[in-house]
1. Can you pull out the residues in the range 128-149 that are surrounded by 18 or more Cβ atoms within 10 Å (Cβ to Cβ) and assigned to a loop (DSSP other than H, G, I, E, B)?
2. Would you tally the residues in the range 295-322 being in a loop (DSSP other than H, G, I, E, B), at negative phi, surrounded by 13 or more Cβ atoms within 10 Å (Cβ to Cβ) and in contact with a Ser or Thr (Cβ under 8 Å, 6 or more places away or on another chain)?
3. What are the residue pairs meeting all of these: first residue in the range 328-342, first residue closer than 18 Å to N40 by Cβ, second residue polar (S, T, N, Q) and outside any helix (DSSP H, G or I), Cβ atoms under 7 Å, and 6 or more apart or on different chains?
4. Within the range 71-90, which residues are of a type outside the set (A, V, I, L, M, F, W, C) and at pLDDT 95 or above?
5. If a residue must be modelled with pLDDT of 95 or more and among the charged types (D, E, K, R), how many such residues does the range 184-217 contain?
6. State all residues of the range 101-110 that are farther than 14 Å from G59 by Cα and part of a strand (DSSP E or B); if no residue qualifies, say none.
7. Name the residue, out of A154, A195, that is in contact with a Phe, Trp or Tyr (Cβ under 6 Å, 6 or more places away or on another chain), over 26 Å from A102 (Cβ atoms), free of Cβ contacts under 8 Å to residues at least 40 places away in the same chain and surrounded by 13 or more Cβ atoms within 10 Å (Cβ to Cβ).
Amino acid sequence: MVSSRIPVTAGLMLVFGALASAAFSQSAKKSYELLPANNNVPALFAEGTISTPNDEEGGVFSPDGNEFYFTVLNPTTTAARISLLCVSHWRNGVWSKPEVVAFSGKYFDLPARVSPDGKTLYFSSSRPIPGQKERVLGIWKVERTADGWSEPVALPAPINSGDGHWNWGASVTGDGTMYFTSDRDQPGRPQIYRAKFADGSYQTPEKLGPEINSEFNDSDPFVSADESLLFFTSVGEEGPPFRHRADALYTGGFPYARGEIYASVRVGGKWTQAKHLEHGVNTVADEGYPSLTPDGKFLIFTSGRSAFTVPVAKRLDMQELERNLHSTNNALGNIYTIPVSALNRNEK
């Protein structure tokens, strides 16, 4: 039996290595098997089709690799912001032009997660929850049908708590255990919770320990199907004073709270201390919405990295400014991939 005191880095390497060596017998390559496996730094995913000058967030594959779900947001910082859940289909070796899914298009819908068996899609939304007066973020699901997806259904208590608290970012394991974000313990302070599924319903959620949750804002978990790996986002607090996890990255100019991606390995039924991801995954920009390809070989995540750092590495003239403003390098969200094996490179 592996000791529960195994170092986090070593644990990550063991699990990542096992994932990377998995073999598959299908004759045709799935879309995610064609991602650039020799990249040691993050690469834009499907540039020009999915990653565009628009603001995209939160990509996730269907288990068969034929669908890719993500959100597109309008570029504004006001409360009137809208977020639409979109899908692109893998056809003839290319990704199709994205479409808004049939159950999205009116509300603020956050990125989806697909169950390991592909039969259920979970997403979060500002749409009214039946029987609840407050307008809050809640967790919804749709079931796969012969014609696509069913009508959305809000998850009952104890997932959506029904008391005015926000709940979002659901991810499930193969046995139905759900990891999700909630501010139920302290309004405005999101933390990550775990709820087992037994006898047809979710059990009372338990808040994860200090190995995962910090004194800051922890959210958007992604758990592997076998519950051995957990990725999530942590965000500091706006100042003054500006506070954040000790290993968070930021640059000159006015420091603002932004997302950083962390990972943990489950050993002996317990999560190890979360590890700040390096190798270009986290930058001084905003990163978030981590997920894995169904074969576990690639990390998928969102980043707002761009040419616009303070100060910029090279003086911008008008031509360069215009070029970047109208490109995928314009500081709006894009979706990136990196091989999981690259996260082990030169680890100490």
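1. Matches in the range 128-149: I129, V136, L137.
2. So the count comes out to 3.
3. That search, which allows pairs on different chains as well, returns Y336/S303; I338/N39; P339/N39; A342/N39; A342/N40.
4. Restricting attention to the range 71-90, the residues satisfying the condition of being of a type outside the set (A, V, I, L, M, F, W, C) are 71, 74-78, 81, 83, 88-89.
Answer for the range 71-90, where residues must be of a type outside the set (A, V, I, L, M, F, W, C) and at pLDDT 95 or above: T71, S88, H89.
5. Total meeting the criteria: 5.
6. F108
7. Values: A154 fails: over 26 Å from A102 (Cβ atoms).
The conditions single out A195.
To keep it simple, each residue is scored yes or no on (1) over 22 Å from I335 (Cα atoms); (2) modelled with pLDDT of 95 or more; (3) under 18 Å from the mean Cα position of the chain (by Cα).
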{"residue": "S234", "(1), (2), (3)": "no, no, yes"}
{"residue": "A246", "(1), (2), (3)": "yes, no, no"}
{"residue": "L249", "(1), (2), (3)": "no, no, no"}
{"residue": "A257", "(1), (2), (3)": "no, no, yes"}
{"residue": "E278", "(1), (2), (3)": "no, no, yes"}
{"residue": "T309", "(1), (2), (3)": "no, no, no"}
{"residue": "R315", "(1), (2), (3)": "yes, no, no"}
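The values are calculated or read from the model by the stated rules, or taken from the named source; none is laboratory data. The structure presented is a predicted model; accordingly, all values stated were derived computationally and were not measured. Cβ atoms come from the backbone with ideal geometry, glycine included; neighbour counts cover every protein chain shown.
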